[in-house]
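Quick notes on the structure that follows.
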Amino acid sequence: MPFDPTKPYNELPPLPPSADIETRGILKAAISAARVLGELKQAGVLVPNQAVLINTIPLLEAQVSSEIENIVTTADRLFRLASREQESADPATKEALRYRTALSYGFQEIRRRPFCTATAVQVCRNIRNVEVDIRAVPGTFVGNPQTGQALYTPPEGPDRLRDLLANWERFANQAREIDPLIRLAVLHYQFEAIHPFTDGNGRTGRILNILFLIQEGLLEIPVLYLSRYLLQNRPDYYRLLRGVTEAQAWEPWILFMLAGVEQTASWTADKVRAIRSLLEHTADFVRTRLPKIYSRELVEAAFIQPYCRIPNLVNAGVAKRQTASLYLKALADIGVLREEKAGREKLFLHPKYLRLLTTDESAFERYA
């Protein structure tokens with residue numbers, strides 16, 4: 001019987017797939033992707049203060065992953081409002097910031113217990129900011145937002161969904177004879193096909209990708225910017241997902257995901273190396289121009305976020321409030337930061353850093 005997108009796909013096969021998911025082409029692509037992912041992991045380790053990366057690249061991932069779901073904000077707005085989520089952010093920015101919160105939660109959780117359904121539930125709750133659980137009522141489908149036409153109707157029934165998720169969880173943690181990057185591609189398809197929540201499945205699934213790589217030791221911190229690749233290739237992403245559903249076309253889907261990991265890891269590693277280079281160059285410049293106030297901690301505080309506030313320095317233990325204000329003004333005087341007003345608050349923008357984070361380029365103009 002041909003696949004019918006209007007009927008619940010209760011025949012979704014459990015894992016592992018019956019098709020060959022370790023073809024010669026797939027294994028070759030997995031080795032190549034793992035090598036580049038290792039370069040990203042090493043590049044991240046070489047940044048002395050990991051908060052520099054943890055507080056920036058996940059926000060870029062949050063912005064783009066949200067855009068895939070047509071929740072549109074800008075990286076600049078996210079960075080500007082990163083510590084003011086509940087005060088003045090617009091709805092789209094709040095949603096993207098919640099993605100960052102969910103990713104941070106998952107990063108802490110994956111170090112406490114294995115990849116599991118309970119983590120997925122809590123990640124989705126953090127994204128949506130409501131109490132959610134596995135779907136218990138029918139009526140959910142994936143459709144064309146313009147026409148309302150159903151393109152896919154996921155399985156229904158809480159018992160069926162929990163059985164499929166239990167199988168998904170076992171495959172993640174027990175099928176260790178299969179390369180972890182191949183498992184990643186299979187797990188991502190299966191999670192999206194199960195579609196366990198009424199909303200938030202796509203964003204939850206993309207966070208789970210990163211958490212799985214951390215669990216498997218392929219990443220140390222959540223800095224893979226994979227949503228960038230998925231957004232750039234969104235038509236292929238959905239077409240290849242449908243190919244698995246309709247024809248069990250696993251090889252094209254797995255190759256697509258492996259290419260995404262490799263391309264994204266390469267791009268992100270270049271970006272991480274550029275951040276480290278800019279940080280070192282800035283430290284040298286500040287040490288030369290402001291020797292009386294220079295400290296490594298002061299420079300790193302200006303890299304935790306591209307918008308720096310006086311409390312950032314205070315909380316980092318760099319200086320007390322009045323001295324912190326003087327330090328930031330001194331950095332502005334030599335052109336490292338730029339003072340801006342945001343209502344009654346003072347912000348200190350780090351222009352070179354913001355440009356490095358929000359453009360595809362990994363080069364920066366050096367200080368004179």
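Packing, as the average of other Cβ atoms within 10 Å across residues, places the peptides 204-217, 329-342, 56-69 in the order 56-69, 204-217, 329-342, highest first. Summarising the amide proton neighbourhood of Leu219: residues at separation of 5 or more, or on other chains, whose placed amide H is nearer than 5 Å comprise Ile214. Per-residue Cβ neighbour counts within 10 Å put Ile275, Ile127 in the sequence Ile275, Ile127, beginning with the fewest. Along its first, second and third principal axes, ordered by size, segment 240-329 spans 67, 25, 16 Å in Cα coordinates. Quick check: the angle from helix 57-68's long axis to the longest principal axis of the chain, C-alpha only, nearest 10 degrees? For 57-68 against the chain, the angle is about 40 degrees.
Peptide packing for 309-321, 90-102 was compared via the average number of neighbouring C-beta atoms within 10 Å per residue; ordered from the highest value, the list is 90-102, 309-321.
With contacts taken as Cα pairs under 8 Å at a separation of at least 6 residues, the chain carries a relative contact order of 23 percent. The ellipsoid that matches the Cα gyration tensor of the chain has semi-axes, each √(5λ) in whole angstrom, of 41, 22, 17, with the longest given first.
Normalised radius of gyration for segment 49-135, please: alpha carbon Rg relative to 2.2 N^0.38 Å, two decimal places. Don't jump to the answer; show the numbers that get you there.
Values: Rg = 13.1 Å, N = 87, 2.2 N^0.38 = 12.0 Å.
Computed over Cα atoms of segment 49-135, the ratio equals 1.10.
Under 25 Å of direct C-alpha separation, and excluding same-chain neighbours fewer than eight residues apart, Lys41 reaches these lysines: Lys28, Lys271, Lys352. Distance from the C-alpha centroid of segment 129-157 to that of segment 59-123: 22 Å, rounded to the whole angstrom. Order by neighbour count: Arg203, Arg366, Arg77, fewest other Cβ atoms within 10 Å first, most last. Fewest-to-most ranking of Arg203, Arg366, Arg77: Arg366, Arg77, Arg203. Most tightly packed first, judged by the mean number of other beta-carbon atoms within 10 Å of their residues, the peptides 30-40, 104-114 read 30-40, 104-114. Report summary: the helix-based calculation at 222 nm, which adds -39500 (n - 2.57) for every DSSP H run with n ≥ 4 and divides by the residues of the chain, gives -19500 deg cm²/dmol. Once backbone amide H atoms are built at 1.01 Å from N, Cys308 has Phe348, Leu349, His350 as its partners under 5 Å, excluding neighbours fewer than 5 places away on the same chain.
We did not get these values from a lab; they are worked out from the coordinates using the rules stated. A quick note: this is a predicted structure, and the numbers were derived from the prediction, not measured. So basically every Cβ, Gly included, is an ideal-geometry build from the backbone, and we count neighbours across all protein chains shown.
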